[in-house]
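See structure below.
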Amino acid sequence: MVFELTGSRLLAPHVGTSIFVWTSLIGVIMGSLSIGYAMGGWLADKKASANTLALIVLASSVFIGSIFFLQGGVSRLFNPALLGIEWASLLSSLILFAPASILLGMVTPYVIKLKLYDLEKTGRTAGNLYAISTVGSIVGTFAAGFILIPRLGSSNIIFLLSFILIVNSILLSSKFLKIKLPLIALIILIASANIYAKKIQAQNGFLDIDSQYNRIFVFKSNDYKSGRPTLNLTFDPFGTESAMFLDDNDELVFEYTKFYHLIKHFNPEFKKSLLLGGAAYSFPKDYLKKYPDALLDVVEIDPKLTELAKKYFKLEENPRMRIFHEDGRVFLNSTEEKYDVIFGDAFQSLYSIPYQLTTKEAVQKKYDILNDGGVVILNIISSIEGEKGKFLRAEYETYKSVFPQAYLFPVRNAENGDELQNIILVAIKSDVKPSFESDNRELNGYLKNHWQKDIEKDVPILKDEFAPVDYYIHKAI
């Protein structure tokens, strides 16, 4: 289970964390274990010995250690933009995790064969070994999720697993000690080099950090439009979650975040806001600066992101901002606060959308905690028309089923409905029709992007019991 959970973090930077990725990873590992069980039983019946078992364990350690070197090449070979998420995640899982899983699957039936000294205790022996194996999986699951991944990181866990398996193979047999000791030394050397390399990368502005919720990358680059240097934060290969100009911390990098200021047009008297999704806190910093009399609550599920924002993205404590580290839907379900505006920026990228925030039940919770005239401003990456726009259309209709009014504002191109881009959804808790013109030149520019064409009603609204979000959004690749 440690191997499987860590595998999800190794795949995330290359193919994301959608249901397709988890399906591929779990299916491949379970299928490989099944093959291993059959092969292990067949081999054990031919001739069972501790030395052969030691070789199987040793081989599994080598294949696990090799994942560190193979993952980059595999990600380039199986590009999700070319193959689709399903095939990219399936083929990547097969190459990286099947060989070691087959070998690990061979261990249990082989050990059972070695332990069968008394035929009258066959059932007890097999039962005890499977019980021990299951307990080990349970311990590994909790250890990986609660302790190892957020503290050691993915690559270090891979080296640790490989090292433990080599040690176990030595304990099983000393016959191949001359082979195993150099392997242990190599694993330690590579792990040490990996730790050193991460320190060097950190000094150069690149971080690769595992938290309880994400694999987080922080890196420097240049803005593609202005060429100005930026510090960026991302979770997967499909987008950058937050960025900050290194030469001017006060200006927003991403155009879509500037559309959040439409609140000045749709509810100019707002006093208290809620933001779902903090990441590196680019917009909260801008909000606190531009609206000195307004309050802001930020719900960010990952406390590590808040820690990184304070350390690298110049986030400072502010008495007008409260931060809640919990799931956005859990917060919506339990809060008794009232707000004038709810900003939504928790859809990390097109391929990492927490479906529990997309459903009618979640939208109803937002409606309930808004004051009269309150507004939701939600960022979605999608097209509007065609197969690529199914999720957007489902979410739009979901909001329309709860709010009296809902409007779309494509950020980049207000004419081409097939273009994949940031789209701002504005939902208003009022029957009074708004104007789409403003005396404010900046706001007027955003309002002109109002999508005025008819939107096809070809997908059902999203509900807790039926929200096939992953199946809609994978069409956009």
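Throughout, read-outs are computed from the coordinates displayed, never taken from laboratory work. Note that the structure is a prediction, hence the values are computed from the model and not measured. With ideal geometry, Cβ positions are generated from the backbone for all residues, glycine too; neighbour counts draw on all protein chains shown.
Summary of packing: across the peptides 278-284, 35-41, the per-residue average of other C-beta atoms within 10 Å ranks them, highest first, as 278-284, 35-41. According to the Kirkwood expression over distinct Cα-Cα pairs, how big is the hydrodynamic radius of the chain, in Å? One decimal place: 24.9 Å for the Kirkwood radius. Assuming R0 = 25 Å, what is the FRET efficiency of Arg151 and Glu326, from their Cβ-Cβ distance, to the nearest 0.05? The pair Arg151/Glu326 has a calculated efficiency of 0.75. Cβ-to-Cβ counts within 10 Å put Leu392, Leu11, Leu83 in ascending order as Leu83, Leu392, Leu11, the fewest first. The stretch between Asp248 and Phe69 holds 60.6 nm of extra length on full extension. This uses 0.36 nm per residue minus the Cα-Cα distance. A simple spin-label model places pseudo-atoms 7 Å from Cα toward Cβ; at Leu207 and Lys290 they are separated by 2.6 nm.
The HN-Hα couplings worked out from phi for segment 296-313 by the Karplus form 6.51 cos²θ - 1.76 cosθ + 1.60 (θ = phi - 60°) are 9, 9, 10, 10, 10, 5, 9, x, 5, 5, 5, 4, 5, 4, 6, 7, 10, 10 Hz, whole numbers, x standing for Gly and Pro.
The listed peptides 42-55, 448-461, 256-269, ordered by packing as a protection proxy, come out as 256-269, 42-55, 448-461 (highest mean of other Cβ atoms within 10 Å first). Packing here is the average count of other Cβ atoms within 10 Å per residue, and on that basis the peptides 209-218, 372-381, highest first, run 372-381, 209-218.
In order along segment 369-379, phi translates into HN-Hα couplings of 8, 8, 5, 4, x, x, 9, 9, 10, 10, 8 Hz, rounded to whole numbers, per the Karplus curve 6.51 cos²θ - 1.76 cosθ + 1.60 with θ = phi - 60° and x for Gly and Pro. Computed over the chain, the per-residue total of -39500 (n - 2.57) for DSSP H runs of n ≥ 4 gives a 222 nm mean residue ellipticity of -16500 deg cm²/dmol, rounded to 500. When the pairs Lys433/Lys457; Lys271/Lys360; Lys366/Lys388; Lys264/Lys310; Lys429/Lys463; Lys220/Lys272 are compared against a 31 Å limit on Cα-Cα distance, Lys220/Lys272 fall above it. When the Cα atoms of segment 368-440 are aligned to their principal axes, the ranges along those axes come out at 35, 31, 16 Å in descending order. Taking 7 Å steps out from each Cα toward its Cβ at Ala126 and Asp439 produces label points 8.4 nm apart. Output the 0 to 90 degree angle, nearest 10, between the alpha-carbon long axis of helix 154-172 and the longest principal axis computed from the alpha carbons of the chain. Compared with the principal axis, the helix lies near 10 degrees. A simple charge model with +1 on the Cβ of Lys and Arg, -1 on the Cβ of Asp and Glu and nothing else charged puts the dipole of the chain at about 1900 debye relative to its Cα centre. The simple spin-label model puts a point 7 Å past each Cα toward its Cβ; for Ser226 and Ile26 those points are separated by 4.5 nm. Relative to one another, the C-alpha centroids of segment 229-290 and segment 1-55 are positioned 42 Å apart. May I ask you to work out the translational diffusion coefficient for segment 255-476 at 4 °C, viscosity 1.567 mPa s, via Stokes-Einstein with Rh from the Kirkwood sum over Cα pairs, reported in whole µm²/s? For these conditions, the coefficient is 74 µm²/s.
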